[in-house]
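Each remark here refers to the structure printed beneath this line.
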Amino acid sequence: MSSADERLQERDAPARAYGLRLGVWYATLFIAGSLAIVYLTYVLTSASLEQRDRQIIDSKLGTYAAAYDNGGIEGLASVVRAEQQTLPERLFVRVTDPFGRQAVVLSQQEGWDVATLETRQARLSDGTLIEVGKSTELRDEVLSRFRAALGLVALSIVLIALSGGALATQSALRPIRRLIAAVQRIVTTGRTDERVPVGDTKDSIGELTILFNAMLDRIERLVTSMRGALDNVSHDLRTPMTHLRGSAELALAGPPDIDRYREALADCVEEADRVLVMLTTLMDISEAESGAIELHRETMPLAGIVERAVDLYRDTADVKGITLEAQTDP
């Protein structure tokens, strides 16, 4: 693996780590919410089946109590036998005398498992106790199958959540990766004309991309303005620096003379002051054009500005054989 590939992988490592965390959080929340819904569905289904069994038992208690009141134990037994031949589920029916000593089981089902029975009791007017029970085996079997189905559903939810988290993470990180790639190209090449494609989405990432491109536009304007300022400085300083060097050379070329030296130094100081004024002016103009400084407009006498502008470019005009004159109203 080359060093460039290694550097690229090192730069992509934070993005991959962030994407992994984002995918894990998405999958965790999705799985937790889905499993909560699955568990609630199971609880409601179990409660509904249990309520149904109780309603059946309570209904049969009323029917058996009326049969006992009309025909006694024989009438109740005939009703129970008739129902056991037609009902899909047989009920456990037991009648106990008022003294609780004699119990008669009217159901024909053999091998009742009392632990699987859900029973309800009703005390009749003569003190007889009728007990009706319904086996929970069928309900438990239905719930067992339902749990198996919910297990498959939960497993599917986990797989979907992991896949969806990975896809959502890739989709969410794609604009960020474009930003990272653009910044890497700018840092590597030094070109500020690079721009990040703006997608159709108007979310936070889209706004960030727009702001990033606007920042690049401003940086490019500043760089262009700085380059222009440097070009102007290098061009405009050539003439006064030539004059300054010429004055010094003329003073040194002749015989020693204090007065000539003083005059040459005075010329050099004057040229240096012009250079400083020119530098300050050019930098102010560059900053104003690039928007780096805020301009406050105010009324000023135009004559002084014109005179300073003429002085600023007088040397350049003299080199080209041009005479600058300004006639302004004070």
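The values are calculated or read from the model by the stated rules, or taken from the named source; none is laboratory data. Everything quoted here is computed from the prediction, not taken from an experiment. Please note: Cβ atoms are built from the backbone with ideal geometry, for glycine as well, and neighbour counts cover all protein chains shown. To get the accessible areas, we keep the full protein, side chains included, count just its heavy atoms, and leave off ligands, DNA and RNA. Shrake-Rupley method; radii C 1.70, N 1.55, O 1.52, S 1.80 Å.
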Residue that is most open to solvent (accessible area, probe 1.4 Å), among those in the range 306-327 that are among the hydrophobic types (A, V, I, L, M, F, W, C) and over 18 Å from Arg274 (Cα atoms): Ile322
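Residue check: is Gln84 more than 25 Å from Asp126 (Cα to Cα), part of a helix (DSSP H, G or I) and out of contact with any helix residue (DSSP H, G or I) (no Cβ under 7 Å at 6 or more places or on another chain)?
Against the criterion (more than 25 Å from Asp126 (Cα to Cα), part of a helix (DSSP H, G or I) and out of contact with any helix residue (DSSP H, G or I) (no Cβ under 7 Å at 6 or more places or on another chain)), Gln84 qualifies.
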- prompt: Taking the range 43-79 as the region of interest, how many residues are surrounded by 14 or more Cβ atoms within 10 Å (Cβ to Cβ) and under 60 Å from the mean Cα position of the chain (by Cα)?
  reply: 8
- prompt: Of the conditions (1) open to solvent by 60 Å² or more (accessible area, probe 1.4 Å); (2) among the β-branched types (Val, Ile, Thr); (3) closer than 30 Å to Ala181 by Cα, Val223 fails just one. Which one is it?
  reply: (1)
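Report those helices (runs of 4 or more DSSP H) wholly inside the range 219-322 carrying at least 2 residues which are out of contact with any helix residue (DSSP H, G or I) (no Cβ under 8 Å at 6 or more places or on another chain) and within 30 Å of Gly190 (Cα to Cα).
Numbers: elements: 238-253, 258-290, 302-319.
Result: 258-290.
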- line: For the range 220-242, pairs from a residue that is in contact (Cβ under 8 Å) with a residue 60 or more places away in the chain to a residue that is surrounded by 13 or more Cβ atoms within 10 Å (Cβ to Cβ) and polar (S, T, N, Q), with Cβ under 6 Å and 6 or more apart or across chains, are Arg221/Ser290; Leu222/Ser290; Ser225/Ser286; Ser225/Ser290; Thr239/Thr316
query: From the residues in the range 176-191 that are of a type in the set (Lys, Arg) and closer than 19 Å to Val223 by Cα, which one is surrounded by the most Cβ atoms within 10 Å (Cβ to Cβ)?
result: Arg185
message: exposed (fewer than 15 other Cβ atoms within 10 Å of the Cβ), closer than 30 Å to Ala47 by Cα and of a type outside the set (A, V, I, L, M): which single residue out of Gly151, Gly206 fits that description?
response: Gly151
- prompt: Here are some conditions: (1) surrounded by 15 or more Cβ atoms within 10 Å (Cβ to Cβ); (2) over 25 Å from the mean Cα position of the chain (by Cα); (3) closer than 30 Å to Val43 by Cα; (4) not hydroxyl-bearing (Ser, Thr, Tyr). Ala161 meets all but one. Which one does it not meet?
  reply: (2)
- prompt: What number of residues in the range 243-277 are without any contact (Cβ under 8 Å) to a residue 24 or more places away in the chain and surrounded by fewer than 17 Cβ atoms within 10 Å (Cβ to Cβ)?
  reply: 23
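Going by what's in this entry, would Leu237 be described as modelled with pLDDT under 75, surrounded by 13 or more Cβ atoms within 10 Å (Cβ to Cβ) and over 51 Å from the mean Cα position of the chain (by Cα)?
Numbers: modelled with pLDDT under 75: yes; surrounded by 13 or more Cβ atoms within 10 Å (Cβ to Cβ): yes; over 51 Å from the mean Cα position of the chain (by Cα): yes.
Spelling it out, Leu237 is indeed modelled with pLDDT under 75, surrounded by 13 or more Cβ atoms within 10 Å (Cβ to Cβ) and over 51 Å from the mean Cα position of the chain (by Cα).
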